[in-house]
Amino acid sequence: MSEAPAAPQPGSVEPPAAARHLDLLLIPPRPRTGWRVLPARVVAMCVVELQKLRHDRTELYTRAVQPALWLVVFGETFTRIKAIPTGGTPYIDYLAPGIIAQSAMFIAIFYGIMIIWERDAGILTKLLVTPTPRSALIAGKAFAAGLKALLQAVVVIVIAALLGVAMTWNPLRLLGVAVAVILGSAFFSCLSISIAGIVLTRDRLMGIGQAITMPLFFASNALYPVAVMPGWLQTVSRINPLSYQVDALRGLLLGTPSHLGLDFAVLAAASVAGIAAASALLGRLAR
Amino acid sequence: MTSEDPVRPVPGAAPGQSLHAAPSRHTAPSRHTAGAPTGRPTAPDPDRTPDPDRTSAPDRTSAPDPAPLPDALACRGLRYTFGETRAVDGVDLSVRPGEVFGLLGPNGAGKTTAIRCITTLLPVPTGMVRVFGHDAARERMAVRRLLGYVPQQLSADAGLTGRENVALFARVFDIPRRERAARVGQALEAVGLTDAANRLASTYSGGMIRRLELAQALVSAPRLLMLDEPTIGLDPIARTTVWEHINVVRAATGMTVLVTTHYMDEAEQYCDRVALMHRGRIRALGTPAELRSDLRARRAQAARTTTTTPSAPRTSASSDVEPTLEDVFRDVAGTGLDEQSGDFRDVRSTRRTATRVG
Ligand SMILES: Nc1ncnc2c1ncn2[C@@H]1O[C@H](COP(=O)(O)OP(=O)(O)O)[C@@H](O)[C@H]1O
Ligand SMILES: [Mg+2]
């Protein structure tokens, strides 16, 4: 390290051609103000997510394995046993919306964990020095997580369709499905960002992330109707946003009885609360 | 070093100059300022007293118009503590528009903390930090719009191409779609990454990532570029290249640059003025030439010479040898730059531990 490889003689060079073409870098851009900032930042974060997925889709495929196994092994088996009262729906059909919600939730929670990586890598730090309010940054991240989860949901829906699950192809209903997936994922990504803001280190967050995903899944109506649960589990399921997401997905995809109004209200409120909590805790990650 | 790093010299860079050895003794004012259109000086300080702790700095350029602009950066009694650690302990600084200002000090001196206060990453009370007249506590967004920030860590997103990395920052700085591609292209060209722009950043060398980060910071046309140890961990050619691009951009845009480093030679070579920082305080401030000549004067006057420490045998300190910035630092801080400098990973891991405990 003590000796630089021979460089050309100093003093004999022109400034590089670059110097002549920097005119645009002299003009500061006109700032967006007011309500326009939030959608612009959400778009920016979503674009990044799409670009990353374009370069590397392996995660999309590897994460499709688990839901496929759930549907094939668990779904097919329990369809045969008929142990779970689904109100006449074949169990695999009943299960499919639950698995869609589950895989979206896993993606979202992991996405929140990634924010610790981004903090450690300095990427988050730099974004915090841009004219982006913290809530806009978090909202951007939350909806980017929703977008990623939505792509995952499409993969799972295709798998389910291949397994013969009878789902709607009504575009309006599918739009509702997309909204439910995005809102639920926004909430779950903010949940893990908030936990990140509390525990601050990667290792602890990984542990907690692993510890909460399965309970959230089992304490919901994803695998079985709330009615068959013991009382305490019903209570947990009732405060678990995943239950509302699954209820909405089931209603929309299968046409089973559901409470769409309540479901979407809860999901929207949960997302807003999640974004608020995560924004408030983000400062701890920046410190 | 990959072949993508173009090897271009910097005027005034001595080839074969070593990383840690004493800097070359060429005189200060011959550097990059020659081509700079906006080296706007403020009023020169006429009677400069060689005060050992605080050296005021007259401007050495002869441009006549003292601009009425506010300081690019003004820190007044800047303080920040992490629990018990007083990381920044009462720093007063004024960075003039258009200059390259170096904040120089060993690891742990508090440079990064000071930068993080200025960039609004760490909360500071009102009145401590002003960027072009905007208060960092009350006008965060306005301050952020004026700043281009390159953190100490290499921090490009490895999952995106170089162009996408820069485009992200164009988007979050509200550059309209119709200008975006052109601006991103110019920023990439300014740092010599046009050819590598469509490759994933994960394939870049350290020097290329640094230049990519520079492009990310430049794309929003900042007026104050904040570079935290921009050359840390780079090989000599990559260091030279990074500095060359900084200088070209500064010459072309008149941006103000605040750079931290613990490499004395870089400060000496590339900075108009430097502040020597030690344990959270500024121990000396001025042009490199002034700091050196002040030390010479002090030595001659007091016949008090700095003693040679075993770890730095090159400092054969005697009053008739032109002192280096390193000698100045030793003189004002009572310790060499290298003495307490661990690897920067050490600092980070201590920091994590500190966070955990605190
Ligand atoms: N997040 C942190 N938590 C606790 N202590 C910190 C933190 N960041 C920096 N420090 C401490 O503050 C001092 C200054 O650190 P820093 O600003 O990183 O110095 P430099 O950039 O000059 O190497 C050091 O003693 C360091 O250990
Ligand atoms: Mg530092």
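Numbers below:
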quantity: Karplus (6.51, -1.76, 1.60) ³J(HN,Hα), θ = phi - 60°, over the range B:85-102, in Hz, Gly and Pro reported as x; calculated: 6, 8, 5, 10, 10, x, 9, 10, 8, 10, 9, 7, x, x, 9, 9, 10, x
quantity: Amide N proximity, the range B:92-114 versus B:THR81 label position 7 Å along Cα-to-Cβ, cut-off under 15 Å; calculated: none
quantity: Computed lengthening from A:ILE27 to A:MET214, 0.36 nm per intervening residue step minus Cα-Cα distance; calculated: 62.2 nm
quantity: Over chain A, relative contact order from alpha-carbon pairs under 8 Å, at least 6 apart, %; calculated: 24
quantity: Nearest-0.05 FRET efficiency for A:ASP203 and B:ASP195, computed from C-beta distance (R0 35 Å); calculated: 0.30
quantity: Inter-chain Cβ neighbour average for residues A:22-35, partner chain, 10 Å; calculated: 6
quantity: Highest-MSF residue in chain A out of A:ILE239, A:ILE27, A:ILE115 [GNM, Cα springs under 10 Å]; calculated: A:ILE27
quantity: At R0 = 41 Å, FRET efficiency that the Cβ-Cβ distance of A:GLU76 and B:GLU179 yields, to 0.05; calculated: 0.15
quantity: Antiparallel content of DSSP bridges confined to the range B:73-286, in %, to 5; calculated: 50
quantity: Distant-in-sequence amide H partners of B:HIS278 (H built 1.01 Å from N, under 5 Å); calculated: B:ARG283
quantity: Point-charge dipole on Cβ atoms (K/R +1, D/E -1) for the range B:73-286, about Cα centre, debye to 20; calculated: 680
quantity: Projected label distance in nm at B:ARG138 and A:VAL272, using a 7 Å step from Cα toward the beta-carbon; calculated: 3.2
quantity: Cβ-based exposure ranking for A:ASP247, A:ASP23, B:ASP331, in which fewest neighbours within 10 Å come first; calculated: A:ASP23, B:ASP331, A:ASP247
quantity: Chain A shape via C-alpha gyration tensor axes, a/c threshold 1.5; calculated: prolate
quantity: The range B:73-286, relative contact order in percent, only Cα pairs under 8 angstrom and at least six apart counted; calculated: 30
quantity: Sum of side-chain charges, A:VAL177 neighbourhood, beta-carbon under 13 Å (Lys, Arg +1; Asp, Glu -1); calculated: 0
quantity: Shielding of B:141-154 by partner chains, average beta-carbon count, 10 Å; calculated: 4
quantity: Estimated inter-spin distance, A:ALA83 and A:VAL154, nm [label 7 Å along Cα→Cβ]; calculated: 3.6
quantity: Likely footprinting exposure, B:HIS278, A:HIS21, B:HIS134, B:HIS245, fewest C-beta neighbours within 10 Å first; calculated: A:HIS21, B:HIS134, B:HIS278, B:HIS245
quantity: Point-to-point label distance, A:LEU163-A:ALA265, nm (Cα→Cβ direction, 7 Å offset); calculated: 3.3
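A short reminder: the numbers here are calculations on the coordinates, not readings from a lab. Remember, predicted model here, so these are calculated numbers, not experimental data. Methodologically, a virtual Cβ is constructed for each residue, glycine included, from the backbone with ideal geometry; neighbour enumeration extends over all protein chains shown.
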